[in-house]
Amino acid sequence: HAHKKLEQIIFCINGSFVLCLDDGKHKQKIAMNDPSVGIRLGPMLWHTMLNFSSDCVILVFASDWYNEKDYIRAYDEFKRLTT
């Protein structure tokens, strides 16, 4: 999913996972396995997570409260909004 305005910082504080990012033009995969490294997820950034270790714990800081209207849950809609 992506957010229209919300910003987040994501940490893997235990274990590991792979963070997949897509800004509509470029895609990248980041191995999250260092609890001292956080990744800023800005607005309009599609992100998915995969390959969780069995001991994975993720910590996310968000810039605002939950708001369903801020979510983009369909990738087709995200691509339409970023092109």
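For ILE72, state whether it is surrounded by 11 or more Cβ atoms within 10 Å (Cβ to Cβ) and under 25 Å from ASN14 (Cβ atoms). It is false that ILE72 is surrounded by 11 or more Cβ atoms within 10 Å (Cβ to Cβ) and under 25 Å from ASN14 (Cβ atoms). Evaluated against (1) in contact (Cβ under 8 Å) with a residue 60 or more places away in the chain; (2) among the hydrophobic types (A, V, I, L, M, F, W, C); (3) assigned to a strand (DSSP E or B), LEU6 falls short on exactly one condition, (3). SER36 meets the conditions (1) without any contact (Cβ under 8 Å) to a residue 24 or more places away in the chain; (2) hydroxyl-bearing (Ser, Thr, Tyr); (3) surrounded by 14 or more Cβ atoms within 10 Å (Cβ to Cβ) in every case but one. The failed one is (3).
Could you please let me know if MET49 is of a type in the set (A, V, I, L, M, F, W, C), touching a helix residue (DSSP H, G or I) at 6+ places or on another chain (Cβ under 8 Å) and open to solvent by 50 Å² or more (accessible area, probe 1.4 Å)? When the stated conditions are applied, MET49 does not pass them. Per the listing CYS56, CYS20, the residue uniquely hydrophobic (A, V, I, L, M, F, W, C), more than 9 Å from the chain's Cα centre (by Cα) and open to solvent by less than 60 Å² (accessible area, probe 1.4 Å) is CYS56.
The values are calculated or read from the model by the stated rules, or taken from the named source; none is laboratory data. Keep in mind that what you see is a predicted model, and the values were worked out from it rather than measured. Positions of Cβ are backbone-derived with ideal geometry, glycine not excepted, and every protein chain shown enters the neighbour counts. Just so you know, the surface numbers come from the protein's heavy atoms only, side chains and all, with ligands and any DNA or RNA stripped out. Shrake-Rupley method; radii C 1.70, N 1.55, O 1.52, S 1.80 Å.
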